[in-house]
Each structure stands twice: as C-alpha cells, then as structure tokens.
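The values are calculated or read from the model by the stated rules, or taken from the named source; none is laboratory data. What you are looking at is a predicted structure, and each value in this text was computed from that prediction instead of being measured. In case anyone asks, the SASA skips ligands and DNA or RNA and just uses the protein heavy atoms, side chains included. Shrake-Rupley method; radii C 1.70, N 1.55, O 1.52, S 1.80 Å.
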Amino acid sequence: MPLVTILYGAVLIAIGVVGYFATGSQSVTALIPAFLGIPAFLLGVLARSEKFLKHAMHGAAMVALLGTLGTVSGFFKMLTMLTGAEVERPAAVIAQGLVALLSVIFLILCVRSFIAARRAREAAA
C-alpha cells in the first residue's frame with residue numbers, strides 16, 4: 001500500500017502542476033491538488049518503513065478524506081460538463097473531478113487494507 005500512496009501523491013502533484021501551467025499560471029489555487037499530493041507522497045515514502053507504516057497510512061487516508069470532501073462538488077460538476085452542459089472554469093472542474101475520483105478510490109483501498117491488516121492480526125493472535 002505504500003507504493004500506491006506514493007503513486008496517488010505523485011498523480012495529485014501532476015494534476016496540480018499541469019493544471020497550473022495549462023491555465024497560464026493565473027491562480028495558485030490550481031496547485032491545490034499538488035498541495036494534497038505532497039503530504040500523500042511523503043506519507044507513502046514514510047510508510048515504507050515498518051515502524052511508521054500504520055500511522056503514515058492513516059495519515060494518507062486522512063489526506064484522501066480531505067481531498068474527497070473538498071472536491072466532491074467538482075466531481076458532480078464534471079459529470080454535468082460531460083453531458084455537454086456549460087460550466088464555469090472547466091479546467092478547475094476537471095481537476096476537482098479527477099482529485100475527487102482518485103481520492104475516493106484511494107480511500108476505499110485504504111479501508112480495505114486496514115480491514116485486511118486487522119484480520120491478519122486477529123488470525124495471528
């Protein structure tokens with residue numbers, strides 16, 4: 001799961017950087033996905049150490065939860081945009097929708113991993 005976390009963070013960073021430059025570097029808010037991706041990436045690197053695995057992965061799940069809650073409206077706007085409707089700031093809507101989708105998927109993977117780890121601990125006991 002640490003490698004998945006590193007990948008999740010790297011993709012969020014890429015979304016933020018690409019979005020920032022694709023919109024002409026007009027607003028720092030285009031970097032918000034990168035601001036979520038940096039801690040996720042660092043927590044993934046930290047989770048590679050068995051000593052920090054549990055806490056780092058819980059931290060990464062919290063980042064994903066914040067990413068989901070902060071961008072869920074953008075996901076629904078992206079669905080509206082995909083039906084052909086006009087939306088205000090389409091680049092922002094796409095970025096928010098992607099962050100929401102990736103964050104939900106990552107959060108589901110985290111929960112599944114936490115459940116599997118608990119079951120493995122209980123079976124070993």
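At a 1.4 Å probe, what is the % contribution of carbon and sulfur to the accessible area of the range 1-69? Exposed carbon and sulfur together represent 76 percent of the surface.
Helix 32-47 and the long axis of the chain differ in direction by around 20°, with both axes built from C-alpha atoms. Note on the range 76-125: with neighbouring protein chains present and a 1.4 Å probe, carbon and sulfur make up 65 percent of its accessible heavy-atom surface. Across 83, 29, 68, mean-square fluctuation computed from a Gaussian network of the chain (C-alpha pairs under 10 Å connected) peaks at 83. Recomputing Rg/Rh (Cα atoms, Kirkwood Rh) from the coordinates shown identifies the correct label among (1) 0.92; (2) 1.04; (3) 1.07 as (3). For the range 42-89, the solvent-accessible area with a 1.4 angstrom probe is 69 square angstrom per residue.
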